[in-house]
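Data first, discussion second: the structure below is written as C-alpha cells.
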Amino acid sequence: MSPQVWPDAEARANLSRGISDDAIYRMVENAFEQRLPRRGGVLVDVGCGTGGLWGALAKYFSEYIGVDAVKYPGFPADLRFCKVELNTGRADLPDASGDVVAAVETIEHLENPRALGRELVRLAKPGAWIVITTPNQLSFASLSCLLLKNRFQHFQEGRVGGYPTHISALLEIDLVRIARENSLTDIAIEYSNTGRVPFTGKHWPKIWPFKGRRFSDNLMVIGRKA
C-alpha cells in the first residue's frame, strides 16, 4: 500500500472553501449583542476564510483584520489581511491588537489547538473577548456517527469539510480547559441551536426543546482576557 500524501496547510485550507454556515455567524453575533456595551474597536478574525464573519459583525466594529493561511478569492479587497500558517507561525501583528479576537471554525483544522489558544490571547487587548467555535462532538448526530462508524460526524473522510480538512476533534470541556489555561474570565459555552437529525439531511425543528448541546452542530466558547 502506498503511503498517503498529506496535503500541506494551504491545500487543506483551500479544501475548506473558507466559509461557515450562517447559523455559526448568528451564534457569534448573538453573543456580542449581549456582551458589547459600545460599538467600535478592532475585530481580529483568525482563520477568516472569505471574511464572512465581518458581514455579520461589521456594525459592532470600526476596523477588521483577517488572518489565514491563504487569501481566498472572495475576501473583500478593502479589508486588511495578514497571511500566516497557524500550525508553524504566528500572525505578523503586535500584541494586544484586537478588542475582540475570534477563531470561527478554525481550531479543528490545526495540529496544535492549544497553540492557537495562546495566539488568540496574545492578540487580544486586556479585557477583550475571545471566541472559538468548532463542530459539536456531543450532538445526537455526532454521537450516533461515533457509535456506528467510530468517528465523529464532522471528521469523516469523503465529505466536504471532513478529514483531512478537519483533524482535531475537541469536546466542549477541551475548549473550557484551553480558556482556563489562558486565565480567561467569564467563560461560557453556547450553541448554534441548529443541527442535523442523525443520518439524514434534515434538521431538527427550530423550536424548544430542540436546542442546546444535543441538537446543535456547532458550539462556541467565549471568555475575556484578564
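Counting only DSSP beta bridges with both residues in segment 61-207, tell me the antiparallel percent, nearest 5. Taking every DSSP beta bridge with both residues in segment 61-207, the antiparallel ones total about 10 percent.
Taking the number of Cβ atoms within 10 Å of each Cβ as an exposure proxy, the fewest-first ranking of Ile132, Ile207 is Ile207, Ile132. The trypsin sites (Lys or Arg not before Pro) of segment 146-212 meeting both criteria, a DSSP state outside H, G, I, E and B (loop) and at most 12 other C-beta atoms within 10 angstrom of the site's C-beta, are Arg159, Lys202, Lys206.
Dividing the helix sum by the residues of the chain, where each DSSP H run of 4 or more adds -39500 (n - 2.57), gives a mean residue ellipticity at 222 nm of -7500 deg cm²/dmol. Available extension along the chain between Leu146 and Lys202 is 18.3 nm, counting 0.36 nm per residue and deducting the alpha carbon span. The chymotrypsin sites (Phe, Trp or Tyr not before Pro) of segment 135-226 that meet both conditions, a loop assignment by DSSP and at most 15 other Cβ atoms within 10 Å of the site Cβ, are Phe199. Take the Kirkwood radius over Cα pairs of segment 24-74, plug it into Stokes-Einstein at 10 °C and 1.306 mPa s, and you get 139 µm²/s for translational diffusion. With both labels modelled 7 Å from their Cα along Cα-to-Cβ, the Arg39 to Lys59 distance reads 0.8 nm.
Taking the Cα centre of the chain as reference, the dipole from Cβ charges on Lys and Arg (+1) and Asp and Glu (-1) amounts to some 580 debye. Here each label is just a point 7 Å from Cα along the line to Cβ, and for Glu181 and Ile19 those points are 3.4 nm apart. Amide H to amide H distances under 5 Å link Thr134 with Glu105, Leu219, where only residues 5 or more positions off or on other chains count and H is placed in the peptide plane.
Using the Cβ of Asp78 as centre and a radius below 15 Å, the other residues enclosed give a net charge of 0, where K and R count +1 and D and E count -1. The alpha-carbon positions of the chain define a convex hull whose volume is 129 Å³ per residue. Taking Cβ atoms as reference points and 12 Å as the exclusive limit, the residues near Val101 contribute a net charge of +1, counting Lys and Arg as +1 and Asp and Glu as -1.
Once you reduce segment 103-124 and segment 132-210 to the center of their Cα atoms, the two points are 17 Å from each other.
Summing charges over neighbours of Tyr191, with a neighbour being any other residue whose Cβ is under 10 Å away from its Cβ, gives 0 when K and R count +1 and D and E count -1.
Coordinate-derived values only; no laboratory data. A quick note: this is a predicted structure, and the numbers were derived from the prediction, not measured. Cβ coordinates were reconstructed from backbone atoms using ideal geometry, including for glycine residues, and neighbour counts include every protein chain displayed.
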